[in-house]
Amino acid sequence: MKFHFQKTEPFPGVTVAEWMDWRWQFKSALSTLADFAQHFDLSASEREALSQPSRFPIRSTPYYAALASRTVATDPIRQMVLPRAEELNTGRGQQISDPLGERAHSPLERVIHRYPDRVLFLITDQCSLYCRYCLRKHFTGQDQAFVGSSDYEKALEYIRGGRGIREVILSGGDPLTLGDSRLERVLSDLRAIEHVEIIRIASRMPVVAPMRVTDELCALFKRYKPVYFMTHFNHPRELSFEAAECLERLVDHGVPVFNQMVLLNGINNHVAVVQALSRRLLFLRVKPYYMFQCDPSEGSEHFRTSVEESLEIQRQLWGRLSGLAMPNFSLDIPGGGGKVGLTPNFETARADSQREYRGFDGVHGVYRAPAGPSVLPADLSDYLGEWEELAGQRYGR
Ligand SMILES: *Cc1c(COP(=O)(O)O)cnc(C)c1O
Ligand code: SF4
C-alpha cells in the first residue's frame, strides 16, 4: 500500500517560492484574532480565547494553518493550534503550571537533569507554533529567546563536569527556530566534550515548518553525528507532501528520526488514528518512539484522556501493528517522578512455577519457569563498572 501525502495550498496571493521559504513562514506567522479571522470561520469559543490577553502565547506558521480546516472548529489539526474558551478555564481539575516538576530537577538555568545519563538543554524558549496542550507552558514563549551567554557557558560547564552524562537533548522551545550558525556552535561545543556520546534534537519543525529542515541543516547534523532527531507528529494529516520530503531529507543524510506523539481528546484518541499515523511514519523511515499520556499542564484539561482509554488503544494495537511501528506508551508521573512505561495486561494467572497469558487475539498459553538455576554471564565484570556508575543515583535538588 502506497500512501498519498498531499501538498499544502499556499495562501491566496503567496507564491510557491515564498511558501517554501522558512524565513517567509516565520515572519508571516499568524498570532492575532485578525490574523486568524482572515483564514478561518472562527467559532464563538475561538473568538473568545483569541480576544483575551492570553496567558499562553499563540502563534502558527501559515503552512500549519493551511493543514487545518477553514470551517470545522472540531477539526483535529485546528484544535491543536487555535485556542478555545476551555483553555482559559485553568482552575478546573488537576492542572499544574510545571506538571513534570522540571524546576525542581533544574540544577541551573536551562538544564533539566532528571535521569543519570542524559540531560535536557533548553537552548531557546521560542516555537514557530505554540501547541495548545504544551507541557512546558511555564517556560515557552516568554521571549527569552536563545540562552544568554553566561547561562550558556554555565550549562556547558555543567555538562563537561558531569561525567555520567552521555546524552544531551537539545530542546526548548524549538531549537530549530535558531539559525544554522547558532546551532552549529552548540553542536560543536557539545561534540568537544569527550563523554557526550549522543546529541538529540527535539523539534516540531518537520510538523509546523518542514521547509526549515534544509539540505544544509541535514548536512550539519551529519557532521556532528551521532545526532538523533526527535519529532512530534500527532495526527496522520500532519504528514503532508512537504513533511514527507523533510523526513526523507533527514533520513537520507543518515539522521535517525523518531516520533513522540501525545494522546489528545477528540484529536487522535482512537486506535485507527494512531495506527494510520504510525504506519505512515514507518513508511517514511521514522520510528514511532513514544505515545504519551497528556500532561495536566494549565489550560490543557479538555485535551486529556483517561489512562484506561490509552491502555485500550495500546492493547488493540498490540499484535496488529508491526512491532517496528509500535510506540511505547508512557506517562510522566505528575510532580517529577519521571516517565513510566505502561503496558496492557496480557497475564491471566501467575504462580511461582509458571505464568499464563492471553495474546492479542485471545489465544491462551503458559510459560513455565526454567528447571535450572540462574547463571551469570562469565564476562559480566567487563560491564559492571559502567552500570554501577549509574545505578541507584538520584538526580535533582
Ligand atoms: C523524557 C525525558 C528525557 C528523555 O527520556 P528518554 O526516555 O530517554 O527519551 C530526558 N530528560 C527528561 C527530563 C525527560 O522528561
Ligand atoms: S513545539 Fe513543543 S515546546 Fe513548543 S509549544 Fe509545542 S509542545 Fe510546547
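Okay, here's what the table says:
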| item | result |
| --- | --- |
| Selected residue (only one of 185, 200, 204, 160 is assigned by TED's automatic domain parsing to the domain that holds residue 246 and in contact with a His (Cβ under 6 Å, 6 or more places away or on another chain)) | 204 |
| Residues within region 189-216 that are among the charged types (D, E, K, R) and either within 16 Å of ligand 1 (Cβ to nearest atom) or within 15 Å of the chain's Cα centre (by Cα) (or both), tallied | 3 |
| Residue within region 174-184 that is over 24 Å from residue 207 (Cα atoms), polar (S, T, N, Q) and either outside any loop (DSSP other than H, G, I, E, B) or more than 16 Å from ligand 2 (Cβ to nearest atom) (or both) present | no |
| Any hit, region 94-113, residues being in a helix (DSSP H, G or I) and of a type outside the set (D, E, K, R) | yes |
| Output for region 194-228, where each listed residue is in a helix (DSSP H, G or I) and under 27 Å from residue 130 (Cβ atoms) | 205, 206, 207, 208, 210, 211, 212, 216, 217, 218, 220, 221 |
| Among residues of region 148-168, those that are assigned to a loop (DSSP other than H, G, I, E, B) and either under 21 Å from the mean Cα position of the chain (by Cα) or more than 29 Å from residue 57 (Cα to Cα) (or both), counted | 5 |
| Count of region 339-362 residues which are surrounded by 14 or more Cβ atoms within 10 Å (Cβ to Cβ) and either within 16 Å of ligand 1 (Cβ to nearest atom) or of a type in the set (Val, Ile, Thr) (or both) | 2 |
| Candidate set from region 155-178 (those that are charged (D, E, K, R) and under 22 Å from residue 136 (Cα atoms)); member that is surrounded by the most Cβ atoms within 10 Å (Cβ to Cβ) | 174 |
| Extreme residue, farthest from residue 183 (Cα to Cα), among residues of region 85-110 that are aliphatic (A, V, I, L, M) and within 16 Å of ligand 2 (Cβ to nearest atom) | 96 |
| Some residue of region 140-160 being at pLDDT below 90, under 20 Å from residue 81 (Cβ atoms) and within 16 Å of ligand 1 (Cβ to nearest atom) | yes |
| Residue in region 298-307 that is surrounded by fewer than 15 Cβ atoms within 10 Å (Cβ to Cβ), out of contact with any strand residue (DSSP E or B) (no Cβ under 9 Å at 6 or more places or on another chain) and part of a loop (DSSP other than H, G, I, E, B) present | yes |
| Options 217, 263: the member that is over 30 Å from residue 185 (Cα atoms) and at pLDDT 95 or above | 263 |
| Residue match in region 104-115 (condition: away from ligand 1 (no atom under 15 Å from the Cβ) and over 22 Å from residue 189 (Cα atoms)) | no |
| Candidates 104, 65 - the one that is in contact with a helix residue (DSSP H, G or I) (Cβ under 8 Å, 6 or more places away or on another chain) and of a type in the set (A, V, I, L, M) | 65 |
| Filtered residues of region 161-177 (kept if touching a Phe, Trp or Tyr at 6+ places or on another chain (Cβ under 9 Å) and either within 14 Å of ligand 1 (Cβ to nearest atom) or at pLDDT below 95 (or both)) | 165, 167, 168, 169, 170, 171, 172, 173 |
| Residues within region 114-139 that are farther than 19 Å from residue 57 by Cα, touching a helix residue (DSSP H, G or I) at 6+ places or on another chain (Cβ under 7 Å) and either within 13 Å of ligand 2 (Cβ to nearest atom) or modelled with pLDDT of 95 or more (or both), tallied | 2 |
| Number of the exception - residue 254 against (1) touching a Phe, Trp or Tyr at 6+ places or on another chain (Cβ under 8 Å); (2) outside any helix (DSSP H, G or I); (3) within 25 Å of residue 225 (Cα to Cα) | (1) |
| Residue match in region 99-107 (condition: within 15 Å of residue 174 (Cα to Cα) and in the same structural domain as residue 260 (by TED's automatic domain parsing)) | no |
| Tally, over region 81-93, of residues that are surrounded by fewer than 19 Cβ atoms within 10 Å (Cβ to Cβ) and part of a loop (DSSP other than H, G, I, E, B) | 5 |
| Residue list for region 276-292, restricted to those being surrounded by 18 or more Cβ atoms within 10 Å (Cβ to Cβ) and either closer than 17 Å to residue 76 by Cβ or modelled with pLDDT under 95 (or both) | 277, 278, 280, 281, 291, 292 |
| Of all residues making up region 116-135, the number that are within 10 Å of ligand 1 (Cβ to nearest atom), closer than 21 Å to residue 334 by Cβ and not in a strand (DSSP E or B) | 1 |
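The values are calculated or read from the model by the stated rules, or taken from the named source; none is laboratory data. Note that the coordinates shown come from a computational prediction; the quantities given were computed from them, not determined experimentally. All Cβ positions, glycine included, derive from the backbone under ideal geometry; neighbour counts span all protein chains shown.
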